[in-house]
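Structure first, then comments.
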Amino acid sequence: MKTIKIMLVTLLAIGLFSCEKETEFRLDPSAPVYLNGREAVSAAKGQELLSIKEVIKRASDFKVNTVYGDGFWSIDGACIRDTVNDRIIGYNDWVVKMEGTLNTNFIEGRDILILDIDYENRDINTGTYTTDTLGYIPNSVMEQAETDIKAAYYAENYDECYRLFEEAFVFYPVTGAQYLELVGQGIN
């Protein structure tokens, strides 16, 4: 009888400890995010475009307009350049919050520009710096990235989320004049 009790207690303990606790879907907050360059199809009237390598070498900052509450707000930040792989490294918290949930501020962003801000030469009258537009991510690219990332996240597909963080954000070289031309035509 004592042996049966020991076996029952052992089986009960094994049963209790072997039950797998269901975990919530969590993304890795240190997942890499990249802005990958693609060569532009055509140059602006009379303006030569930079190569992807030149854009990355000169890029100092980025600017993103994103939805916040009932309005838009701007996210600005410094570019982290990866000249070996010809890409800009994004901030992890653009897409994943510290607790491992999806951060949508960046992926819902539009009018994303890659800039070269000349911090050495500040206009003493206005306090502004000379800024050159080097590249942009088309709004259509961001809309597709947003749709795909949210779908992968809600389907709890880690691999697809991480792949999209690394591949979905594609920028093209552009001059400031060309970008304004695209905005004017409604095709940015």
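Across the alpha-carbon set of the stretch 100-153, the Rg to Rh ratio works out to 1.20, Rh being the Kirkwood radius.
Its alpha carbons considered, the stretch 115-188 gives a radius of gyration followed by a Dmax of 17.2, 53 Å.
In plain terms, the chain from Lys53 to Thr147 could stretch by 31.0 nm, reckoned as 0.36 nm per residue minus the Cα-Cα distance.
Please compute the modelled spin-label separation between Asn157 and Asp93, points set 7 Å along Cα→Cβ, answer in nm with one decimal. Each label point lies 7 Å from its Cα, and together they span 2.9 nm.
For the stretch 26-185, averaging the sequence separation of C-alpha pairs within contact (under 8 Å, six or more residues apart) and dividing by the residue count gives a relative contact order of 31 percent. Fraction of C-alpha pairs exceeding 18 angstrom in the stretch 26-185: 60 percent, rounded to a whole number. Calculate I(q)/I(0) for the stretch 66-137 by the Debye formula, one identical point scatterer on each C-alpha and no solvent, and give its log10 at q = 0.19, 0.21, 0.24 Å⁻¹ to two decimals. Taken in order of the listed q values, log10 I(q)/I(0) reads -0.98, -1.08, -1.19.
No value in this document is a laboratory result; all are computed from the given coordinates. All of these numbers come straight from a predicted model, not from anything done at the bench. Note that we place each Cβ from the backbone using ideal geometry, even for glycine, and neighbour counts take in every protein chain shown.
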